[in-house]
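Colleague: Please find one structure pasted underneath; my questions will follow.
The values are calculated or read from the model by the stated rules, or taken from the named source; none is laboratory data. Since the structure is predicted, the reported quantities are computational estimates derived from the model, not experimental observations. Cβ placement follows ideal geometry from the backbone for every residue including glycine, while neighbour counts extend to all protein chains displayed.
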Amino acid sequence: MRIAETLNEGLKREYSVHIPAATLAAKVDAQLGKVAGQVKMPGFRPGKVPLNLVRKMHGAQLRSEALQAAVEESMTQLIAEHALRPAMQPEIKLDAPPAEGADVDFTVTVEVLPTIDAPQIEGLKLEKLVVAPGDAEIDAAVARLAAQQKSFEAAPAKHEAATGDVVIMDYEGRADGELFDGGKGEGMRIELGSGGLIPGFEEQLVGIKAGEARTVNVTFPDDYNVAYLKGRDAVFAVTATTIETAKPVVVDDELAKGLGIDSLDALKEILKDQVDAELRSLTRTHMKRKLLDALAASHDFAVPESMVNAEFDQIWQQVSAEGGDSTDEDRAEYRRIAERRVRLGLLLSEIGQNNGVNVTQAEMNRLIGQEAARYPGQQAQVVKYFQETPMAAAQLRAPLYEDKVVDFLLGKAEVTERTVTRDELQAEIESDDETPGAHVHGPDCGHDHAHDHDHDHAPAKPKKATKAKAAPVDEPVAEAAPKAAKAKKAAAEPVAEAAPAADAAPKPKRAKKAADAG
């Protein structure tokens, strides 16, 4: 076997590999002897079939297997001899179709991970924005929870729908006089004032009565998620079948008991814990963004183009699926984000490896157990899958490893605290538009390194995609397999913009320790 380097430019490497015919023939002969003892053929006793007949029957398959084995051996030798750290799976291209009795030559093209100078992690200075959960926060959480418990009842026959009421309606929409696909439906429920329909639709339903028919004129937004309806005028024939009004919700002990809590005071105590956990999460999100900003500002090095391409493709796939912008300027911006994500990821991976950050086997067993618990009756198969699939295990390990890398860096930083309000903290997070997310891309990151028309176009408000420069920083970082950047800002900011944890049904108090640990 002969290996020669033919290209060494930046992070790109290319090698020519020569495998002599004799090497392949020896592998075929070795396998031939093993197969011969198992071949059965009429007229011959088991294991006594002549080798020339066995070769005739199985020669092509054995040669293919021999070539595969030889290529794998050559790749192992190449990587070891040249101390390569492939960024992505190497590309192998045969110089010519393999022929029996002939040498085999092929070209290997690969990008390698960059050599990163010792990351500068000393002297990091971060500001920790802290929000103390006061009575107003707890009362607001109780009010939000109470609002979630509201129910509706049929309104009197002549009741005129008002904001906050539910209208149940049948509708038929037309654009330029033509009924468009998905523009007709029955029994649609909409709470007026919820913003669930396209702009201007709900306002025209205010005052409608049960059994009343109305014509609603609207214009589909320019960013609507159905291309042929973008910006078009539409007319909806609407008939309200039922009007419902909300039953009043009283904040008292009975509300708490309805949620399985002994009293309103006990409910507030639980919500206080959840609000506190949520605020700590917001604080961590802000600190993490500033940490990544600081690292990005102090480190600059070349990154593998293949990794950037893979990251960009996933970002762009999601942006396209969500109806995001698609100009050349947008593509350039998303590509810049992809490059920064990869660079930050490689940097964090280097920091983690250099400082002994790891996930213990006990922690890994806990993660696998938690995942297996999601599949009752199939726990054993799930455990076996992760034990036998290193890439899947790496992806499962990623979020925990991320937390450990970030915690390590936060522990080394000089941190000053400043007390702010929730709105101020939220505004700080939302203003960090230039802080794209990151993964840790490294040797153990989980990468493989070595419009169907079945939906309705009802007047529902489209999900609007925004620029990925507001892409998430709080998605899995360390060792994570690449994720698509969330183009939609609400999805991109799962902690900052999601409904507050306190809005959900309260969790038992014993969950506090787990939250504190996070």
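Colleague: Out of GLU417, GLU402, GLU428, which single residue is part of a helix (DSSP H, G or I), farther than 22 Å from GLY352 by Cβ and in the same structural domain as ASN354 (by TED's automatic domain parsing)?
Modeller: Being part of a helix (DSSP H, G or I), farther than 22 Å from GLY352 by Cβ and in the same structural domain as ASN354 (by TED's automatic domain parsing) holds for just one of GLU417, GLU402, GLU428, which is GLU428.
Colleague: Which condition breaks for GLU72 when tested against (1) out of contact with any helix residue (DSSP H, G or I) (no Cβ under 9 Å at 6 or more places or on another chain); (2) of a type in the set (Asp, Glu); (3) in a strand (DSSP E or B)?
Modeller: Checking GLU72 against (1) out of contact with any helix residue (DSSP H, G or I) (no Cβ under 9 Å at 6 or more places or on another chain); (2) of a type in the set (Asp, Glu); (3) in a strand (DSSP E or B), the one that fails is (3).
Colleague: Can you name the condition, by its number, that ALA338 falls short on among (1) under 30 Å from ARG144 (Cβ atoms); (2) within 21 Å of the chain's Cα centre (by Cα); (3) buried (at least 21 other Cβ atoms within 10 Å of the Cβ)?
Modeller: Failed condition: (1).
Colleague: Collect the residues in segment 374-407 that are over 30 Å from HIS286 (Cβ atoms) and charged (D, E, K, R), keeping them in residue-number order.
Modeller: Residues satisfying the conditions are ARG374, LYS384, GLU388.
Colleague: When the residues of segment 166-184 are narrowed to those that are out of contact with any Gly (no Cβ under 9 Å at 6 or more places or on another chain) and surrounded by 16 or more Cβ atoms within 10 Å (Cβ to Cβ), which ends up nearest to GLU153 (Cα to Cα)?
Modeller: Across segment 166-184, the extreme among qualifying residues is VAL166.
Colleague: Further question on the same structure: Looking at segment 194-217, which of its residues are touching a helix residue (DSSP H, G or I) at 6+ places or on another chain (Cβ under 8 Å) and either modelled with pLDDT of 90 or more or polar (S, T, N, Q) (or both)?
Modeller: Once the filter is applied, which keeps residues that are touching a helix residue (DSSP H, G or I) at 6+ places or on another chain (Cβ under 8 Å) and either modelled with pLDDT of 90 or more or polar (S, T, N, Q) (or both), segment 194-217 yields SER194, ARG214, VAL216, ASN217.
Colleague: Here is a check on your reading of the model: is PRO98 more than 30 Å from PHE408 (Cβ to Cβ), touching a helix residue (DSSP H, G or I) at 6+ places or on another chain (Cβ under 7 Å) and outside the structural domain of GLN204 (by TED's automatic domain parsing)?
Modeller: yes
Colleague: From the list GLN318, GLN387, GLN353, exactly one residue is buried (at least 16 other Cβ atoms within 10 Å of the Cβ), in a helix (DSSP H, G or I) and not basic (Lys, Arg). Which is it?
Modeller: After applying the criteria, what remains is GLN318.
Colleague: I'm told GLN274 meets every condition in (1) surrounded by fewer than 20 Cβ atoms within 10 Å (Cβ to Cβ); (2) in contact with a Lys or Arg (Cβ under 7 Å, 6 or more places away or on another chain); (3) assigned to a helix (DSSP H, G or I) except one. Can you identify the failing condition by its number?
Modeller: (1)
Colleague: When segment 95-128 is examined, which residues are found to be in contact with an Asp or Glu (Cβ under 6 Å, 6 or more places away or on another chain) and more than 30 Å from LEU7 (Cβ to Cβ)?
Modeller: LYS125, LYS128
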